[in-house]
Amino acid sequence: MESQPFAQKKKAKGQDNAPREPKAEGLIFMDEREFFDEKSDKKPANLSCPHCHQSAEYEIQWLVRMKKKSLPPRADDRDRAKFAKAQSYMLRRDDMMMCKNMRCRKRFEITGVQTVAFLQDGLPAVDH
Ligand SMILES: [Zn+2]
């Protein structure tokens with residue numbers, strides 16, 4: 001009777017702050033962090049507010065995962081195969097923006113900007 005709440009708590013803690021992962025083919029889920037260097041970045045995007053229809057440039061927050069130059073020495077063949085297929089990518093962190101129009105200032109959902117962008121040589125593979 002007493003062990004059950006503890007077990008539930010432990011399970012919830014482990015799953016808590018896991019970031020949303022893209023479900024693209026070739027991406028790895030196990031030990032993924034060891035293949036990438038993570039950093040935050042901001043990229044400008046031209047967004048149009050659906051409330052007042054005014055366009056402006058907004059800074060969108062991204063989580064950038066740059067593929068490392070090499071694997072840790074303890075990597076096995078399976079890790080190396082996964083690593084070969086891994087690509088640098090970035091995940092969009094912002095879902096909402098606040099309108100820059102001073103007479104509007106409403107929050108709106110970001111649309112027209114992908115949530116996952118793959119990177120090649122540090123540049124977005126797709127830029128719209
Ligand atoms: Zn607006």
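Restricting attention to region 30-55, the residues being within 16 Å of the ligand (Cβ to nearest atom), surrounded by 13 or more Cβ atoms within 10 Å (Cβ to Cβ) and part of a strand (DSSP E or B) number 3. Have a look at Asp79, Asp94 and point out the one that is outside any loop (DSSP other than H, G, I, E, B) and among the acidic types (Asp, Glu). Step by step, each of Asp79, Asp94 is checked, and only Asp79 is outside any loop (DSSP other than H, G, I, E, B) and among the acidic types (Asp, Glu). Once region 84-118 is narrowed to residues that are under 11 Å from Trp62 (Cβ atoms) and among the basic types (Lys, Arg), the residue that is surrounded by the fewest Cβ atoms within 10 Å (Cβ to Cβ) is Arg93.
Residue pairs whose Cβ atoms lie under 6 Å apart, sitting 6 or more positions apart in sequence or on different chains, and linking a residue in region 95-109 that is in contact (Cβ under 8 Å) with a residue 40 or more places away in the chain to a partner that is of a type outside the set (A, V, I, L, M, F, W, C) and within 8 Å of the ligand (Cβ to nearest atom), are Cys99/Arg105; Cys99/Lys106; Asn101/Gln54; Cys104/His51; Lys106/His51; Phe108/Pro50.
The residues of region 56-71 that are of a type outside the set (Val, Ile, Thr) and either in a strand (DSSP E or B) or farther than 16 Å from Glu38 by Cα (or both), listed by number, are Ala56, Glu57, Tyr58, Glu59, Gln61, Trp62, Leu63, Arg65, Met66, Lys67. Checking each residue in region 56-72 for being more than 14 Å from the chain's Cα centre (by Cα), modelled with pLDDT under 95 and surrounded by 14 or more Cβ atoms within 10 Å (Cβ to Cβ) picks out Lys68, Leu71.
The values are calculated or read from the model by the stated rules, or taken from the named source; none is laboratory data. Computed from a predicted model, the values in this text were never measured in an experiment. Every residue, glycine as well, gets a Cβ built from its backbone with ideal geometry; the counts of neighbours run over all protein chains shown.
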